[in-house]
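We did not get these values from a lab; they are worked out from the coordinates using the rules stated. The model shown is predicted, which means the values in this text are computed figures rather than measured ones. Using ideal geometry, Cβ is built from the backbone for each residue, glycine included, and neighbour counts are taken over all protein chains shown.
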């Protein structure tokens, strides 16, 4: 694979000087155009030790307007990073609309040395690479341009480079002893590199192999690849500034949905007041202990609640929080996104609220908005909500792999029960603020929502993150079911 | 001072049950009203060990809608927190408009035990308390309601409480051995508490002393204080939802400003191309080494740039970044705030971008917008920009105390030179995007800006954070002056 990057290509000082002014002007101009259109770019810098990755990045910052670029390295993770799933640190630096992020290594950082040095096997590597490919595909689908540059050196050249670095005093300190160890494993590094590139060299996110021995050739090539990528993106968006996706006609409301998963929920469960009081007290006491135990064991918990309007999400959440020490949980009510959130992938706003080790986050509505309200109302395009199932499953898998306890509740009520509660809200003065014309409008779309919920459960009730469908016609019954489930899952996890 | 909180006040179970429903209903209602008006609240919970602070907070979360409350404790700071000035962790949890933050201890957390145990002296305590008072005053002036609750116990009661806690198994673990040690120092704790309260019991941010021995009395009183504070705030804002401050007529443009600080800047400095090239190369090489040295020593650096339109801020910044490794700096261009930023105090957006230890942040325009453009254009009310000098000085003092290297540059050019550059921008096609009608409008307000710059330098050029006024008529001269200053300051600091 690397033959084409070992050709000894060079660029003379003169040729470099001739080509540079035009390249810089065009780069700057495209950068301005990208900014104006609100397009984001991620530049991934990877390759062998000694290939001069830092030098390239410095050049790019010099050639472009550095005020629009954020350069990120992934050295030692901070404790706030270690306490979240490994990808948290990548999510937090994704560029907002109109900005360029240059990532050193990024999500490839550890893979090459870890595999080459034998810390992980191909099986683990491949699994990680599948995740990488899925993630990159997701970014691309979201309109983010990903430019992946791989800087290569032949074995002989790498040796030459490391020698040079050793000699030149200002950079000497940067040469870690590790580099020579890696050099000894050159063959393994190259073999692993090939595997990495092969498995992540996808249509929308291709790798660009750059021969790195000659500084001028390397830098100019990197600049040209960047420019060509910018220009291609701009061409794709030639129609004007990036506008929100055109709101398509919402999918036709199914006239009569066949039997759905929701029909399986037995809504007849009831609790007498006395039985409820007793069970509630017992379970809340238990939950209090469990949440503290989870804190002591530094396990974090994510609870999310979805359900029909007036299903009783809020009051169910309160029965949980009553039981927990207020110092240990945070509730994130999901309403309209802020503009910073709108300038990122829709999952970004959930990643940013993931709890640190030992804490609980409760989402009152969640990332499932993508496949529920956004689908039904047509706020997300069909291809967007259709790929959301995969994106969500991968997200949740990462939470669970990190050791988080994740519980997902859909509180179900019958259509008749919803009507009863809406009318009650209209009647009772202090409940009136809870009912809006929008609630009535949503109600008219019941069959469409029913279909969406069915697909949601079918598509995202996984072994590692199953849905709990809660029978909500009796609020007491629902609360006990939820408390019980949370206790059971926490108990099993601790 | 605490006599009034040792009266043995109690509330019977029955009385509590009678009063609670009305209190809860009113609390909820006020919370909704506060949210609707976009008003933020900080509830500070402080007091002696064993007073039941956690229990009160749980009650408040139960009585209010917990979805609008964020509870924060300040246990071990994370490394991301330790690498910023101590107040960073408080700034990051300040509530946005419409939300309530409940802070355990907050900025008082360590003061009481540290002084009572003799770790710090009164002098240090007083200095910290002055900062606290200034900070609280700033929040209040910004429209944030601060409710400060101090929970008190007599010595005898504290002993009783600690005994109870020791016995009751579910809370037992929470009793740290430290608590008994503190109990032995009861007299010192109370004396310190009195000092703390006395010095921070200001008009807009009063303390509420609550007798804490009887749970019901304690919780009900806390709820009542909160309600009364909410209602007072709502009354103050009865005129309608919080609207942006009415834009006042901008201060009259001074016809002819007397001699200002800017007149002292000798704009005649010039550099020949050759001398410039040489000096630039030498200084950039030096700066590269210094920035790496600062990184190795984990010192962070904040550079900020202000100046007339077309003064050459951007190109000066590039001469700096060319010299630095892109992995070590970040540029924050300050344009219109995002809506998350608008929902906080104006300094919040700068706090959030402070670098971690060993990194450099460059602000392209800065917090000085408050006393420059916001003053001149009338975006900030007079009382707002007038108190900004104090707020900024305190902010910068905290950066410097933390060991950050802080440099502030005003790039000065003459009015004639600005005209020349504007015209050049209009003439040269690739510079044309840099000139807008707004630039011309700003130019008309030159005397008003001149007065604002003069006041800015007079009010904020402090011993710990002096301004560097840069002679910018010759760009080369300006760049060398800046590079030289940065190198000198870094050298002195390392």
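Summary table
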item	result
nm² value of the averaged projected area, convex hull over the Cα atoms of the stretch B:1-142	10.9
Rounded if a/c under 1.5, otherwise prolate or oblate - the stretch A:268-378, Cα gyration tensor axes	oblate
Shielding by partners, peptide A:67-79 (average Cβ within 10 angstrom, other chains)	4
For peptides B:184-195, B:267-278, sequence by mean Cβ density within 10 Å, most packed first	B:184-195, B:267-278
Hull volume in cubic angstrom per residue (convex hull over the Cα atoms of the stretch A:99-149)	70
In nm, spacing of pseudo-spin labels at residue B:140 and residue A:296 (7 Å Cα→C-beta vector)	4.3
Nearest 10 degrees, 0 to 90: helix A:13-36 Cα axis against chain A principal axis	20
Stokes-Einstein D in µm²/s, Kirkwood radius over Cα pairs - the stretch A:3-236 at 10 °C with 1.306 mPa s viscosity	86
Hydrodynamic radius (Kirkwood) for the stretch B:261-493, which is based on Cα pairs only, to one decimal in Å	18.5
Per-copy distances of the residue B:285 label point, shortest first, in nm (7 angstrom along Cα→Cβ)	7.7
Other protein chain Cβ atoms within 10 Å, averaged over every residue that makes up B:337-344	3
Residue exposure sequence - A:363, B:2 - by fewest surrounding Cβ within 10 Å	B:2, A:363
Inter-copy label distances at residue A:228 (7 Å, Cα→Cβ; nm, one decimal)	7.4
Inter-part distance where the stretch A:398-450 and the stretch A:453-494 are each reduced to a Cα centre, Å	16
FRET E, pair residue B:114, residue B:386, Förster distance 30 Å, beta-carbon r, rounded to 0.05	0.30
Diffusion coefficient, µm² s⁻¹, Stokes-Einstein with Kirkwood Rh over alpha-carbon pairs of the stretch B:70-129 at 10 °C and 1.306 mPa s	123
Convex hull volume per residue for the stretch A:340-448, taking Cα atoms only, in Å³	149
Principal-axis tilt of helix A:382-401 within chain A, Cα atoms, nearest 10 degrees	90
Per-copy distances of the residue B:466 label point, shortest first, in nm (7 angstrom along Cα→Cβ)	7.1
Ranking of A:305, B:422 by count of other Cβ atoms within 10 Å, fewest first	B:422, A:305
With eigenvalues of the C-alpha gyration tensor scaled by 5 and rooted, the protein assembly as shown, Å	49, 39, 29
Burial ordering of A:30, B:300, A:414, A:12, fewest other beta-carbon atoms within 10 Å first	A:12, A:414, A:30, B:300
CD proxy at 222 nm, helix term only [per DSSP H run n ≥ 4: -39500 (n - 2.57); per residue of chain A; nearest 500]	-16000 deg cm²/dmol
Degrees separating the helix B:415-427 axis from the principal Cα axis of chain B, which is the longest one	80
Where labels lie 7 Å past Cα in the beta-carbon direction, separation of residue B:79 and residue B:127 in nm	2.9
Approximate shape of chain B as ellipsoid semi-axes (Cα gyration tensor, √5λ), whole Å, largest first	51, 27, 18
For the stretch A:18-57, the fraction of alpha-carbon pairs in successive 10 Å shells from zero, as %	24, 35, 36, 5
Principal semi-axes in Å for the stretch A:327-378 [√(5λ), Cα gyration tensor, largest first]	22, 13, 9
